[in-house]
Each structure stands twice: as structure tokens, then as C-alpha cells.
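Take a look at the structure set out below.
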Amino acid sequence: MDDLGEGLSRYYKQGFCSFHTPGHKGRQEFFNGFDFLGFDLTELPGLDMLHAPQGIIAEAQKRSAGIFGAEETFFLINGGTVGNQAMFLALEDTEDKRVVVERSSHRSVMSALVLSGLKPEYVMPTVHPEFNLPLGFEVEKQRIPWQEVSGCHVTYPSYYGTGFKLNQLLDERTRLGFNTPILVDQAHGSHYLGPLFPPSALKLGADLVLHSSHKTLSALTQSAMLHVQGSRISRTRLRQSLELLQSSSPSYLLLASLERAGEFALDFGRWEGLHEEVEELHKRVGTGFRILSPEDVGTYGIHTMDWSKILINTSPLGVSAPQCVKYLRESFGIEPELWDEENILFMLGIGSVREDIRRLTQGLESLAGFAHSNGQTASEKRVGNTRYTFSPLPKLVLSPRQAFFAHKRQISLKDSIGHVAGETISPYPPGTPVIVMGEQITYEVLDKLLTAGEGHWQGWDGFKSCKIWIVEEE
Ligand SMILES: Cc1ncc(COP(=O)(O)O)c(C=O)c1O
């Protein structure tokens with residue numbers, strides 16, 4: 001088998017057109033002047049200290065805060081993941097230690113629950129009936145127990161670029177006179193600056209906002225930013241949380257790439273040509289399959305849409321998304337960000353160029369022909385799945401932290417009803433859990449797990465043997 005370097009080299013030489021992270025898309029222009037080996041340094045005399053910055057890191061963070069509209073910005077070198085985790089650790093405890101989280105949150109939010117010991121108070125996303133994905137969130141249908149929770153954590157935008165009425169959530173807190181911090185996972189919207197994109201969570205008034213700057217901006221993979229404003233979050237506690245979680249040998253390459261990413265983020269012109277090209281794509285494709293479009297705004301809890309994410313549903317074609325991905329890879333050299341049984345997500349970044357979108361347009365235009373020659377017609381078969389239904393929500397017996405540290409044993413799935421899950425199991429993508437550790441296994445959960453297709457399952461080592469870890473009763 002290849003070693004890692006050989007594997008990377010073999011992959012790179014295939015020359016795929018990237019519709020996935022990182023946002024720099026391998027373009028040198030974002031790193032002019034970078035000496036990758038020479039700059040691979042960490043804390044040395046004359047350089048600064050990430051956990052107590054006073055020099056060049058402090059200056060760079062300050063400039064980034066100015067660019068993104070924060071009062072203070074922290075550079076992260078353990079991905080957006082560490083940002084979600086630090087957010088929860090930074091919350092002041094309430095008596096019963098609860099936090100509002102969306103059930104469809106990224107798994108780093110679930111790990112933040114384990115680390116912080118906070119209990120989740122779930123709010124439910126709206127699942128789009130055609131895409132079978134949690135694309136929206138209807139604030140008016142949720143009951144947020146503002147007074148009883150340490151914070152309210154939401155994701156804006158979703159992985160797929162759809163945003164809910166975050167302004168309405170912020171207004172509700174003000175209208176009801178609460179001071180509960182609102183934390184926003186804006187991992188997929190670091191580029192929300194300028195007129196072409198929805199308003200950023202900072203602009204709308206969120207307290208703590210996470211950017212996974214490597215996803216759509218030019219920062220190197222694993223670099224991210226955490227922004228804070230106002231007085232609801234203790235800056236000291238936030239700093240301490242980051243110090244607890246992050247490496248003591250931060251990569252200065254990552255840090256320098258973050259500083260650069262902020263500067264390039266202001267170059268709005270880079271997105272203009274891409275926007276025109278995506279509009280053209282929408283005009284030319286879309287028959288045969290379903291493409292999420294601006295017309296979807298206002299439906300199923302979708303309030304904003306980011307045109308730089310292109311989501312298609314292949315069900316009407318009668319071919320599965322993995323079949324289409326294989327075809328697009330082999331015939332057009334197109335590499336998407338992710339796919340499930342029926343959807344494919346293509347992601348642009350600040351490093352994308354017009355030609356990439358033209359290639360994607362051609363690839364998508366030819367999908368109907370591909371489906372046809374594969375003996376399928378639109379009416380023949382609807383390829384779909386029901387993996388993203390969220391109700392009824394299993395009962396929370398232990399907090400995720402209590403369940404994580406409890407004694408556990410692995411049992412057969414068919415004997416598991418009524419037991420407390422000792423592991424969190426999520427179909428990926430998008431990684432929304434079917435069961436979270438600490439919850440009681442129900443018939444509905446069992447049914448979902450027993451009928452689970454091959455796909456990708458996060459955190460489930462008993463998939464093949466049909467087993468599950470449960471918490472041992474005392
Ligand atoms: C919504 C969301 N939040 C947070 C993260 C974690 O970010 P990172 O991969 O930079 O650790 C991801 C990663 O995909 C994500 O989709």
C-alpha cells in the first residue's frame with residue numbers, strides 16, 4: 001500500500017476540479033511570499049504566543065476582528081471543531097446546566113456537550129421533503145427556554161448554505177428581555193462579507209461566532225476563527241477554554257494563512273464573476289434533477305441562500321447520487337464536497353474560477369443523457385432515503401458527558417430497546433445523530449439502525465455486526 005505522501009501525490013496528480021474544501025482550491029496566489037518549510041515554526045523569540053498574544057499574532061487578530069466586524073477575534077488551529085467546543089466551555093453555568101442546540105448540529109457540537117457537561121435542550125430543524133435534508137429552521141415553531149439555559153447555539157448557514165431567520169431569534173431574546181448568549185456556528189459562511197452574501201451573524205448581533213475559515217476562504221485546512229462581541233461572554237473564560245483545548249505548538253503557517261485569508265476576504269470582486277457564472281448554471285441546468293435555487297427561499301424554514309453552494313437532488317433522474325458522482329468524476333474530473341444517496345453538494349471557494357463552474361455546468365447538463373443511457377427514466381424509480389427524520393426524540397436519561405464516562409458494554413441491536421445508548425451514531429453526511437449517547441433507545445431508533453444502508457456512519461463500530469454500546473446499569 002502507498003504511504004501517506006504517495007497517496008496524496010497520486011490523488012493530486014489526478015487533477016480533479018475542486019468543489020470541496022479548502023476554499024483556496026490549491027491556488028498559489030493566496031500564498032505568495034510564503035516559504036512553507038521555512039515558515040513551519042511555532043513559538044520562538046521574536047514570534048508571538050497564541051495563548052497570550054502581544055505581538056504579531058495580536059496585531060493580526062485585531063485586524064481580522066476589524067475585517068469581520070468583531071470586537072475580538074481568536075485564531076484557531078484545531079479547526080472549527082475547537083471553536084464549537086470552546087464556545088460551550090466558555091458559558092457560565094446555569095443551575096441545571098442546559099444549552100439549546102439544534103438536533104442537526106455538527107458532531108463537534110455533540111463533543112462540546114461531552115466536554116462541557118451541558119445537557120442539550122434540542123430544537124428541531126425543518127427537513128425539506130424533496131431533498132430529505134435539514135435545510136431550514138423555523139424560529140416561530142420553537143420554544144426556547146431562555147431563562148433556564150446557559151446559551152443558545154445555532155448553525156447559520158447550514159452545510160448546504162441555507163440560513164434561517166437568525167435576526168428573528170436575536171429579536172425574540174431582546175423582546176423577551178433575556179440576556180442568554182446566542183452562539184452561532186457560521187463554519188460554512190466565513191465569506192459572508194459584502195453585498196453578494198447574506199448578512200453575517202456578527203452583523204446581526206450574535207455574541208460568539210465561529211468561522212471555519214479554511215472551508216470557503218483561503219486559509220489552510222484546520223485554521224478557523226472565533227469572534228466575540230458584547231459582554232455576555234466572559235473573555236477570560238473564553239481565552240482559558242481555548243488554552244485548554246488547543247495545541248501548545250500552534251502552526252505559524254496556519255496562523256499566517258488566517259491573517260491572509262482575512263485580507264483576501266475583502267476582495268469582493270473575486271466572487272462577482274463566480275456569481276454570474278452560477279446564475280448561468282441555474283439557467284442552463286435543472287431539468288431532469290432538482291437543484292436548490294433562490295426560489296426555495298421562503299419555504300421550509302429557508303430564509304437565506306448562499307449561491308456559492310450548489311445542491312442537487314438526483315432522484316428525479318432515477319439514478320442515485322453516488323452513480324452521478326462516479327460519472328462526474330470519471331467523465332469531467334469533478335470532485336464534489338459531499339453526497340448521500342440522493343443529493344450532491346458542490347462548494348465554491350474564494351479560489352474557484354469561472355472555468356470550474358463552466359465545467360460543472362457541462363457535467364450537470366450531461367447528467368440527463370447519462371441517466372437515459374443507463375436505462376433509467378425519471379418516472380422509473382425514485383432513489384430516496386428517510387434517514388433524516390428527527391421525531392420522536394429519544395428521552396435523555398444521562399447527559400452526554402455522564403454517558404461518555406459510564407461503564408459500557410456492547411450488545412446486539414435487537415436487544416437494545418430501553419437501554420441507554422453509550423455511543424452517538426450519525427449517518428454521514430450530514431452527521432445528524434440518530435441517537436446521542438445518554439439517550440434511551442426506542443423502537444424508532446432501532447428501526448432506523450436495523451434498516452441502515454451501507455453509507456457512512458460516524459462513530460458506530462458495531463455497524464457490520466449489528467451491535468451497539470449501551471451504558472451498564474448500576
Ligand atoms: C456546521 C459545521 N460546524 C463545524 C464544523 C467543524 O469545522 P472543522 O472541520 O473546521 O473542524 C463543520 C465541519 O464540517 C461543520 O460542517
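Coordinate-derived values only; no laboratory data. Since this is a predicted model, take the numbers as computed values, not measurements. A quick note on method: Cβ atoms are made from the backbone with ideal geometry, for glycine too, and the neighbour counts reach across all protein chains shown.
Assorted remarks:
- Student exercise, the chain dipole from Lys, Arg, Asp, Glu Cβ charges, in Debye to nearest 20: 420 debye
- Taking a ≥ b ≥ c as the square roots of the eigenvalues of the alpha carbon gyration tensor, the range 39-86 is oblate, as a/c is not under 1.5 and a/b does not beat b/c.
- Contour minus Cα-Cα distance for Ile56 and Lys326 (0.36 nm per residue): 92.6 nm
- Over the range 400-471, the Kirkwood radius and the radius of gyration, each from Cα atoms, give a ratio Rg/Rh of 0.92.
- Estimated from helical segments only, the mean residue ellipticity of the chain at 222 nm is -9000 deg cm²/dmol, where each DSSP H run of four or more residues counts as -39500 (n - 2.57).
- Peptides ranked, highest mean first, by Cβ atoms within 10 Å: ranges 394-406, 100-112, 231-243: 100-112, 394-406, 231-243
- Shape category assigned to the range 268-373 from the gyration tensor of Cα positions, a/c cut at 1.5: oblate
- Per the Cα gyration tensor, the chain maps to an equivalent ellipsoid with semi-axes of 32, 31, 23 Å, ordered largest to smallest.
- Ranked by the mean number of other Cβ atoms within 10 Å of their residues, highest first, the peptides 118-129, 154-165 fall in the order 154-165, 118-129.
- In terms of its alpha-carbon gyration tensor, the range 159-203 comes out prolate; a/c meets the 1.5 threshold, and the first ratio a/b outweighs b/c.
- Size of electric dipole in the range 28-265: Cβ of Lys, Arg +1 and of Asp, Glu -1, about Cα centre, debye, nearest 20: 420 debye
- Only one residue of Gln410, Pro430, Cys466 has its Cα farthest out toward the positive end of the dipole of the range 400-471, where Lys and Arg carry +1 and Asp and Glu -1 on Cβ, and that residue is Gln410.
- Set Lys97/Lys395; Lys203/Lys283; Lys414/Lys464; Lys119/Lys408; Lys326/Lys414 screened for pairs whose C-alpha atoms are more than 25 Å apart: Lys203/Lys283; Lys326/Lys414
- Ser249-Gln28 FRET efficiency (beta carbon distance; Förster radius 25 Å; 0.05 resolution): 0.40
- Relative packing of peptides 341-350, 6-15 - highest average C-beta neighbours within 10 Å first: 341-350, 6-15
- A Förster radius of 41 Å, combined with the Cβ-Cβ distance separating Ile291 from Trp146, puts the computed FRET efficiency at roughly 0.60.
- Placing +1 on the Cβ of every Lys and Arg and -1 on the Cβ of every Asp and Glu, with nothing else charged, gives the range 400-471 a dipole about its Cα centre of roughly 200 debye.
- Considering the range 28-265, its Cα convex hull presents a mean projected area of 13.4 nm².
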